[in-house]
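S.K.: Can you keep this structure in mind? I'll have questions shortly.
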Amino acid sequence: MQTRTLRSKLTIALAVGALTCAVAAAAIAQNAGKSLIGKLEGPEVVTDAAKFPKTFKEAPQLAALVKAGKLPPVAERIGQDPLVIKPLHEVGKYGGMWRAGFTGPADFWNGFRCCSGPDHLMFWDYTGDKVVPNLAKGLEMQDGGRAWLLHLRRGMKWSDGKPFTADDFVFWFEDVYQNKDLVPTPSAAMAINGKPGVVEKVDTNTVRFKFPEPYTMFPDVLAGSTDLAGQMQGWRALGGFAPAHYMKQFHPKYASQAELDKKAKDGKFDSWVRMFLFKNDWALNPELPVLSAWKTVTAINTPTWTLERNPYSIFVDTAGNQLPYIDKVVLTLAENLEVINLRAIAGEYDYASRHMDLGKLPVFLENQQRGNYKVYLDPGDYCDLIIKFNLNYDADAEIAKWFNTADFRRALSLGIDRDQINETFWLGTGNPGSVVPVDNNKYNPGTQYRKLWATLDPKKANEMLDKLGLAKKDAEGYRLRSDGKGRLRIEIMTLGGQFVQYTQIAEMIREQWKKIGIDLQVQEVERSLALKRTAANEQQLAAWNNDGSEHLFTFPLHVFPFEVATVASSGPLYAKWFHSNGAQGKEPEPRMKELMEKFKKAFGAPEKERIQLGKDIWRIAAEEVYIIGVVGQGPASMGVRVVKNNLGNIPTRMYNSPDGKTPGVSRPATFYWKN
């Protein structure tokens, strides 16, 4: 449907929604917990072999291919150790399509979340708290945690039917990870206390990860969305394994330079490295063998990102049905956030949570019956909106000086009216405060840190800024730079077409900061451009969320400078320094360095010590305000879920986090059409 037609079709619906918005918003704020936030529930991974199915079945189209001699029987395809999942409510039925939307090539998390299986070696249960076996059959600790034995599933295969073995891990470690052209900066996930580990083949189905010191958090690292999280990180040449039989043809160790040059030229790549990374990208390359429940058949850089069932999926239900139930997932390109939401309101999507706008919740509710869908809310345990200072910004020495001054960062945080933002954009459902996670999180440093430097106090903010040497103002009341070069202007980068209205909220903060004499310039950019700007250290401030940070040690990129290639960074040079153990990048200031050291130490610490280290990290983050927390613990970030009424095995509430790849944590392979 064309955008113009769609807008016309929905004019009446939106008008009705607008008229009832105020009343509905008030009701939502009071009753959301009762009516829209359900009980956390989900499917379960079965680990008791006595409960495994003895016979197996498959989707009709795959059965037809077996009958025609084009596929091996299902039992041969899934091997001797399939991954058995008990569906939430019932054994489902095969067939149908899952329709949703996406915003372009940079929206790769969209497909990772819904369709990757998930393809982690270990993964979280539906609560997001317990590590369970996944692609790996099991994980065994050796030598006090200095080594971990990874047991693969016997007979497991890639989507092209080739065996998945220990060789795929050795190839990744020796030829991909250790190749400086492919991975110029090593990953902290493959080291303990800065000391690198190694990967060894024990036998066909057994891999050993060895480290010089105990790595007690290794199971969590394999479960979380980390650099060892599988093929979702293949576009960065990370992930822990890769399909050696396919990827070797693009690697200089296994192909001549002439061959590689020709392939790169034919594919219009400027180097073999670019070609390799493209070929190893789960979303861009339909030819790439995968281990996920669905695989890409039409790439993400087209108007329709299409994924179809993997005939070699090792996921099965308790009745022995090979998963997924749903045949195909079709993500249709939408030009912006507004179009995606309009399509969801009109009932054109079957399941949608990414990019759903909490501000349109009254309109979603108003159109539930007409669109044949139900609305659920899944609050996260994190901050839905944060503002990151790029502590490494160096294009303007004046701005760099202030970003690296704690009292400047604190003053700006005190100048934000979080209650106004919560009422306007969260309909009162959020929790204004700092960056720290929900109070019952085991790493929460204490309830007092929720409000530390995170309440509106323009008087104190002005006093602090004056004291720093920014007392002089121009005729409009804006503060002047201390170097005599005019007004102090700060830029904030926002992203359009996202799940939170970052640009509109930033505009509100712009108005609020006028009261403390700060001139904020709001610049909205497209996500792929944001990635480039951040990696090039061009970002000043950036608005995003710290989703996943409730899993502090497996998704820390929004707690401190952890990742260079992200949509917003609090210091890309610090991130390089951290991962290279000081060999690259820039050494952080003392408190940031202390935070990083505590983070590294936690990976080898006993649980009690690890929890205390986690509390210390959050305490430093809240005190130093490297990142401003605005509003959190709400459903704004992927927590508004719109689901067709006849889609089965849908939880009333999901654990909402990128570390759980929500809805991946609820095993979408078990979703099915009731009729």
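S.K.: For the charge dipole of the chain, defined by +1 on Lys and Arg C-beta atoms and -1 on Asp and Glu C-beta atoms about the Cα centroid, which residue among Pro72, Ala454, Val559 has the Cα displaced farthest towards the positive pole?
M.R.: Result: Pro72, furthest along the dipole toward the positive end.
S.K.: Follow-up question, since we're still on this one. For the range 599-675, state the average projected area of the convex hull of the C-alpha atoms over all orientations, rounded to one decimal in nm².
M.R.: Result: 7.5 nm².
S.K.: Let me ask something else about it. Place a label point 7 angstrom from the Cα of Ile611 along the Cα-to-Cβ direction, then list the residues of the range 412-455 whose backbone nitrogen is under 12 Å away.
M.R.: Of the residues in the range 412-455, 441-444 have backbone N under 12 Å from the label point off Ile611.
S.K.: What length, rounded to one decimal in nm, is gained on full extension from Thr304 through to Gln142, with 0.36 nm per residue of separation minus their alpha-carbon distance?
M.R.: Result for the pair: 53.7 nm of gain on full extension.
S.K.: Calculate the spin-label point distance for Leu529 paired with Lys674, positioning each point 7 Å from the Cα along the beta-carbon direction, and give it in nanometres.
M.R.: 4.5 nm
S.K.: Let's test the formula: R0 of 60 Å, r as the Cβ-Cβ distance of Thr204 and Gln521. What FRET efficiency results, to the nearest 0.05?
M.R.: With a Förster radius of 60 Å, E is 0.55.
S.K.: If you don't mind, another one. Would you tally the net charge around Val170, using a Cβ to Cβ cut-off of less than 10 Å, leaving Val170 out, and scoring K and R as +1, D and E as -1?
M.R.: Local charge sum for Val170: -4.
S.K.: Sticking with this structure for a sec: Under 8 Å for C-alpha pairs, at least 6 residues apart: give me the relative contact order for the range 383-632, rounded to a whole percent.
M.R.: Result for the range 383-632 is 31 percent.
S.K.: Related question: Got a sec? How would His89, His120, His579 order by Cβ neighbour count within 10 Å, fewest to most?
M.R.: His89, His579, His120
S.K.: How far apart, in nm, are the 7 Å Cα→Cβ label points at Val438 and Lys262?
M.R.: 5.8 nm
S.K.: Moving to a separate point now. Which whole-number percent of Cα pairs in the range 431-494 have a distance greater than 18 Å?
M.R.: 57 percent
S.K.: Hey, got the dipole for the range 383-632? About the Cα centre, +1 on K and R Cβ, -1 on D and E Cβ, debye to the nearest 20?
M.R.: So the dipole magnitude of the range 383-632 works out to roughly 480 debye.
S.K.: Would you please give the FRET efficiency between Glu398 and Thr127, computed as 1/(1 + (r/R0)^6) with r the Cβ-Cβ distance and R0 = 51 Å, to the nearest 0.05?
M.R.: My answer for the efficiency is 0.60.
S.K.: Moving on. Where the centre of each part is set by its Cα atoms, how far does the range 480-524 sit from the range 384-433, in angstrom?
M.R.: 10 Å
S.K.: With a point put 7 Å past each Cα toward its Cβ, work out how far Ala565 is from Lys460 in nm, to one decimal.
M.R.: According to this spin-label approximation, the distance is 4.2 nm.
S.K.: Calculate for the chain the 222 nm mean residue ellipticity that helices alone would give, adding -39,500 (n - 2.57) per DSSP H run of length 4 or more and normalising by residue count, nearest 500 deg cm²/dmol.
M.R.: After summing the helix terms and dividing by the residues of the chain, the value is -8500 deg cm²/dmol.
S.K.: Continuing with the same structure: Indicate, rounded to the nearest 5 percent, the antiparallel portion of the DSSP beta bridges found entirely in the chain.
M.R.: 75 percent
S.K.: Next question. Can you give me the three principal axis dimensions of the range 383-632 from its C-alpha atoms, in Å, biggest first?
M.R.: Projected onto the principal axes, the Cα atoms of the range 383-632 cover 58, 43, 38 Å.
S.K.: Return P(r) of the range 122-291 (all Cα-Cα pairs; 10 Å bins starting at 0; whole %; ordered from short to long distances).
M.R.: 10, 38, 35, 14, 3, 0
S.K.: Further question: Out of the GluC sites (Glu not before Pro) in the range 429-501, which ones are loop residues according to DSSP with at most 11 other C-beta atoms within 10 Å?
M.R.: Glu476
S.K.: While we're here: Using the crude model of +1 on Lys and Arg Cβ and -1 on Asp and Glu Cβ, and no other charge, please compute the dipole size for the range 422-466 relative to its Cα centre, in debye to 20.
M.R.: 180 debye
S.K.: What does the charge dipole of the chain about its Cα centre add up to, to the nearest 20 debye, if the Cβ of each Lys and Arg holds +1 and the Cβ of each Asp and Glu holds -1?
M.R.: Here the size comes out at about 800 debye.
S.K.: Another one. From the P(r) of the chain, can you give the percent of Cα pairs sitting at distances over 43 Å?
M.R.: Considering the chain, 23 percent of its Cα-Cα pairs are separated by more than 43 Å.
S.K.: Compute the separation of the alpha-carbon centres of the range 208-266 and the range 49-70 and state it in Å as a whole number.
M.R.: 31 Å
S.K.: How long is the gain from Ala63 to Ala475 if the chain were fully straight, where each residue apart is worth 0.36 nm and the alpha carbon distance is subtracted?
M.R.: 140.6 nm
S.K.: Show me the trypsin sites (Lys or Arg not before Pro) within the range 249-336 that DSSP assigns to loop and that have at most 15 other Cβ atoms within 10 Å of their Cβ.
M.R.: Counting only loop positions with at most 15 other Cβ atoms within 10 Å, the trypsin sites (Lys or Arg not before Pro) in the range 249-336 are Lys253, Lys268.
No value in this document is a laboratory result; all are computed from the given coordinates. No experiment lies behind these values; they were computed from the predicted model shown. We place every Cβ from the backbone using ideal geometry, glycine too, and count neighbours over all the protein chains shown.
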